[in-house]
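This report concerns only the one structure given below.
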Amino acid sequence: MDQLMEILSEYNSEIDFETYEALVDDEILLYDDLESLAKELNDEYDINITPNDIVPENFNSAELIWELIQRLSE
């Protein structure tokens, strides 16, 4: 999770990603950001985030992103 927080802080160091729960809904992360982030997470965690996975339900918070990573790692 620490590595995920570092990756997210590269996008915007002023956002408290540990508590923020509307990253996509509040347009903190836009679709282009999500595509880029998905590629980075695929490489970092050796997973395969598909375009179908790139939805607000998976990316609205760091916790949801972490859950996606865990699910795809199984």
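The values are calculated or read from the model by the stated rules, or taken from the named source; none is laboratory data. Fair warning: this is a prediction, and the values are worked out from it, not measured in the lab. Every residue, glycine among them, receives a Cβ derived from its backbone with ideal geometry; neighbour counts consider all protein chains shown. The protein model used for the area step is the full one, side chains on, heavy atoms only, and it has no ligands, DNA or RNA in it. Shrake-Rupley method; radii C 1.70, N 1.55, O 1.52, S 1.80 Å.
Determine the pairs where a residue that is more than 19 Å from ILE7 (Cβ to Cβ) and of a type in the set (Asp, Glu), located within segment 44-57, has a partner that is open to solvent by 50 Å² or more (accessible area, probe 1.4 Å) and part of a helix (DSSP H, G or I) with Cβ atoms under 8 Å apart, the partner being 6 or more residues away or on another chain.
Note: pairs meeting the criteria are GLU57/LEU64.
Within the bounds of segment 48-71, is there any residue that is aromatic (Phe, Trp, Tyr) and crowded, with 17+ Cβ neighbours inside 10 Å? Talk me through it step by step, then tell me what you get.
Residues of segment 48-71 aromatic (Phe, Trp, Tyr): 59, 66.
Retained after the next criterion (residues that are crowded, with 17+ Cβ neighbours inside 10 Å): 59.
Among the residues of segment 48-71, at least one is aromatic (Phe, Trp, Tyr) and crowded, with 17+ Cβ neighbours inside 10 Å, which makes the answer yes.
Report, by residue number, each residue of segment 6-43 that is surrounded by 14 or more Cβ atoms within 10 Å (Cβ to Cβ) and touching a residue at least 40 places away in the same chain (Cβ under 8 Å).
Within segment 6-43, LEU8, PHE17, TYR20 qualify.
Could you tell me whether any residue of segment 38-46 is part of a loop (DSSP other than H, G, I, E, B), modelled with pLDDT of 95 or more and over 10 Å from the mean Cα position of the chain (by Cα)?
Narrowing segment 38-46 to residues part of a loop (DSSP other than H, G, I, E, B): 46.
Restricting the remaining residues to those that are modelled with pLDDT of 95 or more gives 46.
Filter once more, keeping what is over 10 Å from the mean Cα position of the chain (by Cα): 46.
Taking every residue of segment 38-46 in turn, at least one turns out to be part of a loop (DSSP other than H, G, I, E, B), modelled with pLDDT of 95 or more and over 10 Å from the mean Cα position of the chain (by Cα).
Keeping to segment 11-37, report how many residues are outside any helix (DSSP H, G or I) and of a type in the set (Ser, Thr, Tyr). Please lay out each step first, then the result.
Step one: list which residues in segment 11-37 are outside any helix (DSSP H, G or I), which gives 12-30.
If we keep only those that are of a type in the set (Ser, Thr, Tyr) as well, we get 13, 19-20.
Here the count works out to 3.
Among the numbered criteria (1) in contact (Cβ under 8 Å) with a residue 24 or more places away in the chain; (2) over 9 Å from the mean Cα position of the chain (by Cα); (3) in a helix (DSSP H, G or I), which single criterion is violated by TRP66?
Of the numbered conditions (1) in contact (Cβ under 8 Å) with a residue 24 or more places away in the chain; (2) over 9 Å from the mean Cα position of the chain (by Cα); (3) in a helix (DSSP H, G or I), the odd one out for TRP66 is (2).
Please go through segment 50-74 and pick out each residue that is over 24 Å from ASP16 (Cα atoms) and among the aliphatic types (A, V, I, L, M). Show your work before the answer.
Of all residues in segment 50-74, those over 24 Å from ASP16 (Cα atoms) come to 50-52, 72-74.
Across segment 50-74, the qualifying residue is only LEU72.
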